[in-house]
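Peer 1: This is the structure I want to talk about, given as structure tokens.
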Amino acid sequence: MIDLSPTKEFYNLFVHIFEHYNKTLFDSILNNPMIIVTRKSSVAGYYCPRRWTNFNKTELVDEIAINPEIFSKNPINEICQTIVHEMCHQWQHNFGKPSRSGYHNKEWADKMEEIGLMPSTTGNVGGNKTGQNMSDYIIIGGLFDISTKNLITKDIFKKLYFDTNNSSKDFIEEEQTVDLNYQNSSSVKLTHE
């Protein structure tokens, strides 16, 4: 009997994505976080420092959360954008000066631009680069764009599972293909914390 281990395959995908971007965008300086899936309303993802500890309480681990609602409503690159957006919060918390909870300050915005994502309150050109509720879009030809194109050429996204209790059910039943387009999606935009 073959053990398909959907949980292992699913979470290993996110570990692989994190490790890929940690290497290509952050020079492998970020510690591996606890990656979780959450259904927090209207949020694509969030970062929380030192949320987890091991049994002996000798290690504190950061948390990066991602909302499964974005898996079928948005192209794969937006899943990657969400993870990298939260990685920028992790970078800032460990190597910069984070601002108040949930606020996206200039230092964070500068790091986002450096790695190839343009912060925007609207998720489109012209939005403010700092603020409480933020989205972002890909800077074409930037580091994120190049790194993501290399990542997406691999078959790892075949390990992505979809929730059958929401709109992803239509996604599966209609045999749609995963959108690897680098243009921003016209679907519902979720913000990041």
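The values are calculated or read from the model by the stated rules, or taken from the named source; none is laboratory data. Nothing here was measured: the structure is a model prediction, and the numbers come from that model. Neighbour counts are summed over all protein chains in view; Cβ atoms, including those assigned to glycine, are modelled from backbone coordinates with ideal geometry. Remember, those area values only see protein heavy atoms, side chains included, never the ligands or the DNA or RNA. Shrake-Rupley method; radii C 1.70, N 1.55, O 1.52, S 1.80 Å.
Peer 1: I'd like to check something: does region 54-64 contain any residue that is touching a strand residue (DSSP E or B) at 6+ places or on another chain (Cβ under 9 Å) and open to solvent by less than 10 Å² (accessible area, probe 1.4 Å)?
Peer 2: yes
Peer 1: Also, I was wondering about something else. Report, by residue number, each residue of region 17-41 that is outside any strand (DSSP E or B) and exposed (fewer than 15 other Cβ atoms within 10 Å of the Cβ).
Peer 2: Hits for region 17-41 are Glu19, Lys23, Asp27, Ser28, Ile29, Asn31, Asn32, Thr38, Arg39, Lys40, Ser41.
Peer 1: Further question on the same structure: Just for region 154-179: of the residues that are surrounded by 15 or more Cβ atoms within 10 Å (Cβ to Cβ) and of a type in the set (Val, Ile, Thr), which one is modelled with the lowest pLDDT?
Peer 2: The qualifying residue modelled with the lowest pLDDT is Val178.
Peer 1: On to the next question. Kindly evaluate Arg39 against the criterion of being modelled with pLDDT of 90 or more and basic (Lys, Arg).
Peer 2: When the stated conditions are applied, Arg39 does not pass them.
This table checks each residue for (1) more than 14 Å from Phe26 (Cβ to Cβ); (2) within 12 Å of the chain's Cα centre (by Cα).
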| site | (1), (2) |
| --- | --- |
| Tyr46 | yes, yes |
| Asn77 | yes, yes |
| His89 | no, yes |
| Gly102 | yes, no |
| Asn105 | yes, no |
| Lys111 | no, no |
| Lys129 | yes, no |
| Ile138 | yes, no |
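Peer 1: Out of everything in region 113-124 that is in contact (Cβ under 8 Å) with a residue 60 or more places away in the chain and under 16 Å from the mean Cα position of the chain (by Cα), what residue ends up being nearest to Asn32 (Cα to Cα)?
Peer 2: Ile115
Peer 1: Taking only pairs six or more apart or across chains, which ones have beta-carbon atoms under 6 Å, a first residue in region 81-105 that is under 21 Å from Ser147 (Cα atoms) and in contact (Cβ under 8 Å) with a residue 24 or more places away in the chain, and a second residue that is of a type outside the set (Val, Ile, Thr) and part of a loop (DSSP other than H, G, I, E, B)?
Peer 2: Gln90/Leu30
Peer 1: I want to confirm something. Restricting to region 125-140 and keeping residues that are of a type outside the set (S, T, N, Q) and without any contact (Cβ under 8 Å) to a residue 12 or more places away in the chain, which single residue is least open to solvent (accessible area, probe 1.4 Å)?
Peer 2: Checked region 125-140; the qualifying residue least open to solvent (accessible area, probe 1.4 Å) is Gly127.
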